[in-house]
Amino acid sequence: MTISDKIIMHEKLAISVKKISKNYGGKNILSECTFDLESGSKTALMGANGSGKTTLLNILATLTSPSSGDACINGYSLKENSNLLRAQIGVLAHIPMVYPDFSPRENLYFFGNLYNLTNLDKRVDEILHLSGLWNRRNEKTNVLSRGMHQRLALGRAVIHNPKILLLDEPETGLDTGGLEMLKTLVIENSNMTVIASTHNNKNAEVWADNLLTIYKGKISTPT
Amino acid sequence: MRTTIIVLEKDLRIAWRDKAGWLSSLIFSAILIFIYAFAFDLAGTNSEPLLPGILWTTFLFSGIITCNQSFQQESVTGTLDAMIASPISQTSIFFGKFFCNLISLSIIQFMIIVLGTIMFQVNLINIEVILAIFLGTIGFVSLVTLLSAFEYRERFRAVLLPVIELPLLIPLLLAGVQASSSALEISNTSSPWLIFLGIFSLWGFLGSILLFPLVNEK
Amino acid sequence: MNFIKITIFKLNYSVFLPLWNSRWIVLPVMTSIFIMAMIIGSVLAAPREVIEGDVQRLMYIHVPSAIISYFAFGITAVSSAIFLINGKMRWDAIARASAGVGVLLTIFVLSTGAIWGKPIWGIYWTWDARLTSTLVLLLIYCSYLLVRNLGNANDTKAARYASIVGLIGYLDIPLIHFSVDWWRTLHPQRIVFDIRPSLPTEMLIVLAIAFLAIFLLVLWLILLSATTEYLHQQIGKLSGDLEQMEN
């Protein structure tokens, strides 16, 4: 491979994970996970409960550091954990990560401000419309249904148009409107590289370009 | 600076809305004053020598309760993780929480001072006393903000955090009581307690800023 | 520069490494010899104190224990700082071990102080600056052990929290000492457990031997405890690896 081929390959890669391991409390949660994902690709991360999916996503989200190994996300090293790296990433976890005492609008404003977005008003309104929460935008989040919570969480995750989106079992808790929102904002967005952990293998085959299986902390079949 | 203000404004707004939280801290501190009044039989006796101790122990206990609340909620809702995953620095998160706790505790302290002045007929609204309280509170709030970021299960948190925090705050308590006694002319002390409070606060503040990012690693 | 590097290498190879490898023989033997010397010295060789009598002989274990407890907590603080910087669990093992030994030593200091104080001054406890500071230090490192024990040997979160407490606690010592000292000047009391510089030579010699004996004992205990802790960590890791292999 020539140097220019390598540069082109590097530019095409959104995420490059090299031998990431995580040991916690004496247990090997992840063992030397290595994989590359191209820009704009949609990857389903499949595995049983306790296989290490959430830990891997937490590492990529910079919420926890690996015991060894490194990853490169859009040219930024995970180990350096710079603000510029985190500005590119959006995260949707098991729990919605929104403030129950704030309305959907206030939640989106707060998180949008953290990312220093220009045209924040316009973006917040856009997300509220896309998530179907426009009519309930001023009510406190704690009175909303589980499905609405998850839609708001997804809105929070994508408000800054992240280049990389990490989703931890997004279908759990998402209602029909939420799944539609996921499809519009995420799956059909060719600028966004997505890794989503899922139990639903059949569904994953429909929307995912790549299927990564994680078993007992090891990536077993990168495709 | 901008991100600190964003976090501070968010916390103040939540504190204002979650009235149960700060109201219970406020009422708890008032109850403590009453408990001391009954326990030390301050009705008829000269309560002045005991006042600084009563004030500062009330500040300490109600301050610990107040400061512990904000991180508790963040860890339950997962919003602390959302902030950590965003481009703001952890120092901004710390400053935001610190200033929110400082404001909350200052309001409680003001109420305690007013209550103490009325109930014990001693003028506590005194520049030197307020300066001592202000200096001490900075050190106190920074240390307690740092330590309350520790993630523990609910059943441990309520007891464990005071067990960790209180021994570290003993110098602050001593200095605060003595500086207040001196300001109220209850005792004649030549030791520079105000300067000591300043040094403790500076040490607590700087240490907390440096160590805070290490607390949130999973 | 090269000369320094070569000298360090030679010293490591010829002195430190053999000493380290023979620690489980050298330490117990040396400690036993010095402890025996301390006992014989304090009970038989040292003269009887005129005013305080035989109870004063407690000085030979009380004073060195007090000073060395600070040393043990110092090891905890330094190891905690190193752990926070490089994340290597062996430093947490050392920190935890020395905190445990320090806490035991501190309880011993306070107990011997009480036993010494009662027959001479009729009191078990006095708010003496040093005693009070020692008690505060005991509380801080008890909370260190409490925090650390919430997780297992390999729990990095518990180790990190405990390290923060251990480090802040030690840095708090000068502040605790000054504040308590100034506080005590408001209520002057007899200074108890004072080491008068005019101690006879025999007493000073026994005190020096006692100091060395306690130091070696604490070093041995810390090494034993740290090694045990480290082995717990390795066992935990191996169990995890085995579980993975079996599956």
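The values are calculated or read from the model by the stated rules, or taken from the named source; none is laboratory data. Just so you know, these numbers come straight off a predicted model, no measurement behind them. Quick reminder, even Gly has a Cβ in these numbers, built from the backbone with ideal geometry, and neighbours come from all protein chains shown.
Within the span defined as the stretch A:95-106, one or more residues are out of contact with any Ser or Thr (no Cβ under 6 Å at 6 or more places or on another chain) and over 21 Å from B:LEU8 (Cα atoms). Every listed requirement among (1) over 30 Å from A:HIS149 (Cα atoms); (2) at the interface with chain A (Cβ under 10 Å from one of its Cβ atoms); (3) of a type outside the set (Gly, Ala, Ser) is met by B:LEU60 save one, (2). Taking the listed residues C:SER98, C:SER79, C:SER42, the one that is of a type in the set (Gly, Ala, Ser) and farther than 30 Å from C:THR156 by Cα is C:SER42, with no other qualifying. Among (1) without any contact (Cβ under 8 Å) to a residue 40 or more places away in the chain; (2) over 17 Å from C:ARG184 (Cα atoms); (3) among the aliphatic types (A, V, I, L, M), there is one condition C:LEU167 misses while meeting the rest; what is its number? Answer for C:LEU167: the failing condition is (1). All of (1) closer than 30 Å to A:LYS27 by Cβ; (2) among the β-branched types (Val, Ile, Thr); (3) modelled with pLDDT under 90 hold for C:ILE123 with one exception: (1).
Considered as a group, the residues in the stretch B:7-51 that are over 22 Å from the mean Cα position of the chain (by Cα) and in contact (Cβ under 8 Å) with a residue 40 or more places away in the chain include one that is surrounded by the fewest Cβ atoms within 10 Å (Cβ to Cβ), and that residue is B:PRO49.
Here C:SER111, C:SER79 are screened, and the one residue that is buried (at least 16 other Cβ atoms within 10 Å of the Cβ) and modelled with pLDDT of 85 or more is C:SER79.
So that you can scan it fast, the table gives a plain yes or no per residue for (1) in contact (Cβ under 8 Å) with a residue 24 or more places away in the chain; (2) more than 17 Å from A:ILE187 (Cβ to Cβ):
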residue	(1), (2)
A:ASN116	no, yes
A:HIS129	no, yes
A:GLY147	yes, yes
A:LEU154	yes, no
A:VAL158	yes, no
A:LYS163	yes, no
A:LEU166	yes, no
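Selection of helices (runs of 4 or more DSSP H) fully inside the stretch C:1-40 by the criterion of at least 3 residues being within 24 Å of C:ILE61 (Cα to Cα) returns C:23-40. Select from the stretch C:136-152 the residues that are more than 15 Å from C:ALA72 (Cα to Cα), more than 7 Å from chain B (Cβ to nearest Cβ) and assigned to a helix (DSSP H, G or I) and list them in ascending order. If the condition is that a residue be more than 15 Å from C:ALA72 (Cα to Cα), more than 7 Å from chain B (Cβ to nearest Cβ) and assigned to a helix (DSSP H, G or I), then C:ARG148 is the only one that fits. Elements of the type strands (runs of 3 or more DSSP E) sitting completely within the stretch A:32-101 and holding at least 2 residues that are facing another protein chain (nearest Cβ under 9 Å) and of a type in the set (Val, Ile, Thr): these cover A:89-92. Reported count of residues in the stretch B:188-200, each being in contact with a helix residue (DSSP H, G or I) (Cβ under 8 Å, 6 or more places away or on another chain), assigned to a loop (DSSP other than H, G, I, E, B) and free of Cβ contacts under 8 Å to residues at least 12 places away in the same chain, is 2.
When the residues of the stretch A:114-145 are filtered to those that are within 14 Å of chain B (Cβ to nearest Cβ) and in contact with an Asp or Glu (Cβ under 9 Å, 6 or more places away or on another chain), the one that is surrounded by the most Cβ atoms within 10 Å (Cβ to Cβ) is A:THR141.
Go through A:TYR24, A:TYR76 for me and flag whichever is farther than 20 Å from A:ILE164 by Cα, surrounded by fewer than 20 Cβ atoms within 10 Å (Cβ to Cβ) and aromatic (Phe, Trp, Tyr). Full working, then the answer.
On the way: A:TYR76 fails: farther than 20 Å from A:ILE164 by Cα.
The unique qualifying residue is A:TYR24.
A:GLY155 meets all of the listed conditions (1) over 14 Å from the mean Cα position of the chain (by Cα); (2) within 25 Å of B:GLY96 (Cα to Cα) but one, namely (1). Within the stretch A:68-75, is even one residue closer than 23 Å to C:ASN152 by Cα, in contact (Cβ under 8 Å) with a residue 24 or more places away in the chain and touching a Gly at 6+ places or on another chain (Cβ under 9 Å)? Among the residues of the stretch A:68-75, not one is closer than 23 Å to C:ASN152 by Cα, in contact (Cβ under 8 Å) with a residue 24 or more places away in the chain and touching a Gly at 6+ places or on another chain (Cβ under 9 Å), which makes the answer no.
Residues are listed down the side, and each one gets a yes or a no for (1) in contact (Cβ under 8 Å) with a residue 24 or more places away in the chain; (2) within 14 Å of chain A (Cβ to nearest Cβ); (3) among the aromatic types (Phe, Trp, Tyr); (4) over 22 Å from B:LEU161 (Cα atoms):
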{"site": "C:LYS88", "(1), (2), (3), (4)": "no, yes, no, yes"}
{"site": "C:ALA95", "(1), (2), (3), (4)": "yes, no, no, no"}
{"site": "C:GLY113", "(1), (2), (3), (4)": "yes, no, no, yes"}
{"site": "C:THR126", "(1), (2), (3), (4)": "yes, no, no, yes"}
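If the condition is being in contact with an Asp or Glu (Cβ under 8 Å, 6 or more places away or on another chain), among the basic types (Lys, Arg) and modelled with pLDDT under 85, then the stretch A:1-41 contributes A:LYS12, A:LYS27.
With respect to the conditions (1) buried (at least 19 other Cβ atoms within 10 Å of the Cβ); (2) under 21 Å from C:ARG96 (Cβ atoms), C:SER239 falls short on a single one, namely (1).
Of the residues B:ILE113, B:ILE118, B:ILE125, B:ILE133, which is in contact with a helix residue (DSSP H, G or I) (Cβ under 7 Å, 6 or more places away or on another chain), part of a helix (DSSP H, G or I) and of a type outside the set (Gly, Ala, Ser)? Even if it seems obvious, please write down each step before you answer.
Values: B:ILE113 fails: in contact with a helix residue (DSSP H, G or I) (Cβ under 7 Å, 6 or more places away or on another chain); B:ILE118 fails: in contact with a helix residue (DSSP H, G or I) (Cβ under 7 Å, 6 or more places away or on another chain); B:ILE125 fails: part of a helix (DSSP H, G or I).
Answer to the check: B:ILE133.
Taking each residue of the stretch B:92-119 that is without any contact (Cβ under 8 Å) to a residue 60 or more places away in the chain and farther than 26 Å from B:LEU206 by Cβ and looking for partners that are part of a helix (DSSP H, G or I) and among the β-branched types (Val, Ile, Thr) with beta-carbon atoms closer than 8 Å, six or more apart or interchain, yields B:ILE113/B:VAL129; B:ILE113/B:ILE130; B:ILE113/B:ILE133. If you go through the stretch B:110-147 and keep only what is within 14 Å of chain C (Cβ to nearest Cβ) and among the hydrophobic types (A, V, I, L, M, F, W, C), you end up with B:ALA132, B:LEU135, B:PHE140, B:LEU143, B:VAL144, B:LEU146, B:LEU147.
Does C:ALA99 meet the test of being crowded, with 21+ Cβ neighbours inside 10 Å, within 14 Å of another protein chain (Cβ to nearest Cβ) and under 21 Å from the mean Cα position of the chain (by Cα)?
Working: crowded, with 21+ Cβ neighbours inside 10 Å: yes; within 14 Å of another protein chain (Cβ to nearest Cβ): yes; under 21 Å from the mean Cα position of the chain (by Cα): yes.
The answer is yes for C:ALA99.
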